[in-house]
Amino acid sequence: MSTILDKLSWRYATKKFDNSKKVSKEDLNTILEAARLTPSSYGLQPYHILAIEDNNIKAKLRKVSFDQPQITDASYIIVLANKPTFDGNMVDDYIDNIIETRGVSSKDVEGFSQMMKSSLLDLPDVQKNAWTTSQAYIILGNIMTIAAEMKIDTCPLEGFDKNQYNEILGLNDKNLNAAVVLAIGYRSADDATQNYPKVRYSREQIITHI
Ligand SMILES: Cc1cc2nc3c(=O)[nH]c(=O)nc-3n(C[C@H](O)[C@H](O)[C@H](O)COP(=O)(O)O)c2cc1C
């Protein structure tokens with residue numbers, strides 16, 4: 001039986017997907033549910049998750065992704081879109097969700113609400129954007145690992161034009177911004193990259209035990 005470390009060594013940023021093999025809807029849904037269950041700071045989830053299967057949209061996205069073939073050959077393209085800005089309504093929506101989900105009163109969560117608002121709402125937009133982007137990346141890491149556990153291949157991508165993605169996917173009107181992308185599918189047998197040894201710093205170089 002392979003361990004989680006075997007699976008993390010098996011995974012690699014797939015350069016060539018086999019477009020004749022499609023990830024099942026059931027497996028896609030497992031990955032999307034893992035994305036939804038991903039933790040975020042305060043639990044605010046300041047992002048939206050898009051799963052793209054439509055070939056015409058994929059072709060358009062590839063053109064603005066440095067023509068990277070993963071965009072059209074993978075089964076699905078997951079776009080993790082952060083909220084570039086936000087106001088108190090985002091916190092209020094979350095607070096309403098807590099009240100409904102946990103059956104608590106607004107008084108119970110008033111302090112938590114004020115704490116989030118005072119630490120987040122006065123940030124300049126550039127910092128709000130950076131903070132929500134960093135939350136979206138937590139999903140990226142999580143679902144790459146989940147996919148590897150399921151022996152499904154992925155390629156994370158930052159090599160794309162965000163403005164064009166926002167335009168093609170109609171994100172601007174929704175206060176969303178394409179932060180990072182994950183292509184999901186099955187590797188092509190002739191993708192030589194799968195045999196490349198991993199380039200990582202040694203444990204001594206990168207880990208300090210104190
Ligand atoms: C956030 C992020 C963005 C990346 N963008 C691209 C990309 O646009 N195209 C690509 O082919 N690989 C991309 N990569 C893959 C990295 O180059 C690769 O993960 C890294 O070299 C480590 O290799 P491994 O994933 O095969 O272990 C990206 C990786 C990450 C984590």
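With springs connecting C-alpha atoms under 10 Å apart, model the chain as a Gaussian network and identify which of PRO84, PRO39, PRO197 has the largest mean-square fluctuation. Maximum fluctuation in the GNM of the chain, among the listed residues, is at PRO197.
One Cα centroid belongs to region 35-85, the other to region 98-160; the line between them spans 15 Å. Summarising the label geometry, the points placed 7 Å from Cα in the beta-carbon direction at ASP122 and VAL104 lie 2.4 nm from one another.
Solvent-accessible area per residue for the chain at a 1.4 Å probe radius, Å²? Value returned for the chain: 58 Å² of accessible area per residue. The GNM of the chain, with springs linking C-alpha atoms under 10 angstrom apart, assigns the highest mean-square fluctuation among GLN68, GLN114, GLN127 to GLN114. Expressed as a whole percent, the accessible surface of region 1-134 that belongs to carbon and sulfur atoms is 52, based on a 1.4 Å probe. Can you give the longest run of the chain that contains no trypsin sites (Lys or Arg not before Pro) sitting in a DSSP loop with at most 11 other Cβ atoms inside 10 Å? Within the chain, the longest run free of exposed trypsin sites (Lys or Arg not before Pro) spans 1-197. Debye calculation, C-alpha points only, no solvent: report log10 I(q)/I(0) for the chain at q = 0.09, 0.11, 0.12, 0.17 Å⁻¹, in the same order as the q values. Here log10 of I(q) over I(0) equals -0.43, -0.62, -0.73, -1.19. For region 1-100, rounded, prolate or oblate, judged on the Cα gyration tensor with a ≥ b ≥ c (square roots of eigenvalues), a/c < 1.5 rounded, else prolate if a/b > b/c? Oblate is the answer for region 1-100, as a/c is 1.5 or above yet b/c matches or exceeds a/b.
The values are calculated or read from the model by the stated rules, or taken from the named source; none is laboratory data. If you're wondering where the values come from, they're calculated on a predicted model, not measured in any experiment. Ideal geometry is used to build each Cβ from the backbone, glycine not excepted, and the neighbour counts take in all protein chains shown. Areas reflect the complete protein model, heavy atoms only, side chains present, ligands, DNA and RNA absent. Shrake-Rupley method; radii C 1.70, N 1.55, O 1.52, S 1.80 Å.
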